[in-house]
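Worksheet: the structure to be examined is printed underneath.
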Amino acid sequence: MADIQNIVILTGAGISAESGVATFRGPDGLWEGHRVEDVATPEAFARDPELVQTFYDQRRAKLRSVEPNAAHRALARLDAEWPGELLVVTQNVDDLHERAGAGRVLHMHGELKSAWCLACDARVRWEENLLGGPPCPSCGASGRLRPDIVWFGEMPYEMERIERALHKADLFVSIGTSGAVYPAAGFVQTARYLGVRTLEMNLEPSQGSIFFHESRVGLAGELVPQWVEEMLAS
Ligand code: APR
Ligand code: ZN
């Protein structure tokens, strides 16, 4: 590990599962109870904004009753103690990485605690409901706020910054993602093409497992603290 300076870590819903936050695919996954096309596309929002806002209002409210788990805390420790560059690119829209203390976090699929005003295009920090909630704090418009979530068919945030980080990385780590959704699912292939070492930690083999030099199968709450200990001891 001594030759590792710069690390890019991709996280998915599996890192928040032990905190009680629902994943998308698999038993009790969010896509078991809702259809993507009803709640996670621009067309769905145009067709039934109240349904979409309620879906995200419920997920935002749920964040008040969950806590970061050992995996989030271990990544926050690595973020604080790692001497090289480190970037946590998360597909998750919860705030558990930040609440665990991680500082270098990039939400490529947006955040539940952000809202996007369609009147003034501002992204504003958001804690309450969108449906029937207060007006835009930036322009005062009412009823013009949408979830600041990257829906299917929309462009993820900060792709250039992610690509730059991958080009500088010595290690790419993927934690708790099924590898079902691009472009995130393609990061490991980019890393391999660039000669970056790759490690996966997941409850079960993912769709991208074949691309990883090493795959560790198990609970993120156990695997991630172990891995962070290894990195900080190296
Ligand atoms: N520890 C480690 N991995 C876990 C755990 C756990 N405790 N629990 C579940 N997992 C794994 C599952 O095995 C699965 O492979 O986490 C993965 C979660 O996969 P998904 O539910 O597909 O979530 P994710 O990969 O983050 O989805 C990607 O899809 O719906 C879109 O935008 C949404 O960001 C999301 C994207
Ligand atoms: Zn506004």
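The values are calculated or read from the model by the stated rules, or taken from the named source; none is laboratory data. Given the structure is predicted, the values throughout are model-derived calculations rather than measurements. In this analysis, Cβ positions are derived from the backbone assuming ideal geometry, glycine residues included, and neighbour counts consider all displayed protein chains. Note: accessible area is taken over every heavy atom of the protein model, side chains too, but ligands, DNA and RNA are not part of it. Shrake-Rupley method; radii C 1.70, N 1.55, O 1.52, S 1.80 Å.
What to note about this one:
- Kirkwood analysis of the stretch 57-190, using all unique Cα-Cα pairs, places the hydrodynamic radius at 16.3 Å.
- Semi-axis lengths, largest first, of the ellipsoid equivalent to the stretch 27-88 are 33, 15, 11 Å, with √(5λ) applied to each eigenvalue of the Cα gyration tensor.
- Each peptide in 130-138, 13-21, 42-50 gets a packing score, the mean of other Cβ atoms within 10 Å over its residues, and the list from highest to lowest is 13-21, 130-138, 42-50.
- When peptides 193-204, 30-41, 176-187 are ranked by their average number of other Cβ atoms within 10 Å per residue, the highest-first order is 176-187, 193-204, 30-41.
- Degrees, to the nearest 10: 49-62 long Cα axis against longest axis of the chain: 50 degrees
- Candidates Asn202, Leu131, Ala70 compared by Cα position along the dipole of the chain: farthest toward the positive end lies Leu131, with charges placed on Cβ.
- Sequence of His167, His213 when ordered by accessible area, the most exposed leading, probe 1.4 angstrom: His167, His213
- Principal-axis tilt of helix 220-233 within the chain, Cα atoms, nearest 10 degrees: 50 degrees
- Angle between the chain longest axis and helix 159-168 axis [Cα atoms, degrees, rounded to 10]: 10 degrees
- For the chain, the solvent-accessible area of protein heavy atoms averages 47 Å² per residue (probe radius 1.4 Å; ligands and nucleic acids excluded).
- Taken along its three principal axes, the alpha carbon spread of the stretch 156-234 comes to 32, 28, 22 Å, from the longest extent down to the shortest.
- If you look at the Cα atoms of the chain, you get an Rg and a Dmax of 17.9, 54 Å.
- Dipole magnitude for the chain: computed about the Cα centre from +1 point charges on Lys and Arg Cβ and -1 point charges on Asp and Glu Cβ, it is near 280 debye.
- Of the accessible area of the chain, computed with a 1.4 Å probe over protein heavy atoms only, carbon and sulfur atoms account for 52 percent.
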